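Here is the structure we will look at, set down as structure tokens.
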Amino acid sequence: MTPAIRVLIADDHATYLRALEVMLNGDSSIDVVGSAHDGNEAVHLALELQPDVILMDVHMPSTNGIEATRQLVEAAPHIAIVVLTMFDDDDVVANALRAGAHGFVLKGARQHDIRRAIHAAHAGDSIISGGIARRLATLVADPAAPATGSAPAPRPFPTLTDRELDVLRELARGASNATIARTLFLSEKTVRNYVSMVLVKIGVASRTAAALAARDAGL
């Protein structure tokens, strides 16, 4: 029997948090292992409980969801994070993706869509709701990147972190997730998460397209 996906929920609205807990606990494939009411608590509980997926609200007291996501991606990149927000806001989406979120779901999404986002994130895929995928190239563009005719960027794909760039280089070589994991001393699940984010950030739909883009960029 496949183990249930262990989920941590972080949201400062107690009623919505409780509703999510009840809804998700009604799905035998998901196990809600904890809940947090602010970003600091989310980081603490995530490191303690080691969930598979976190549903992370954006607007929370103390540390907000974007900063909490950034801290957890650095400290525990094997944990997939799906960002929840009330608003289909370009700045929120861009900042969440740059922080390393693996998905973006509006709070008004149907229960099926929230469950699907959890399963996708756990599988190492990204899921973006609200038609945001069509705007990803603009959303994740580096605001510091030079305009046409200016000096060239210091490196290709400036929105990628150093580790994501390492993963992209391996994709360009045609390496499998298992090979990337051995080369970079990571778990295969962590590699899946990194591959997912690389595809989102550079705006391609497949590993092959990512490899071609990397080769075109001279990696």
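Quick check, is I132 within 30 Å of A14 (Cβ to Cβ) and modelled with pLDDT of 85 or more? The answer is no for I132.
Within the stretch 173-195, being assigned to a helix (DSSP H, G or I), closer than 16 Å to E74 by Cα and out of contact with any helix residue (DSSP H, G or I) (no Cβ under 7 Å at 6 or more places or on another chain) holds for K189, T190, N193.
Could you list, in sequence order, the residues of the stretch 196-219 that are of a type in the set (S, T, N, Q) and more than 22 Å from I79 (Cβ to Cβ)?
So the first thing to find is which residues in the stretch 196-219 are of a type in the set (S, T, N, Q), and the list is 196, 206, 208.
Correct list: S206, T208.
The values are calculated or read from the model by the stated rules, or taken from the named source; none is laboratory data. Values in this document were obtained by computation on a predicted structure and should not be read as measured data. For neighbour counting, all protein chains shown are included, and Cβ atoms are generated from backbone atoms with ideal geometry for every residue, glycine included.
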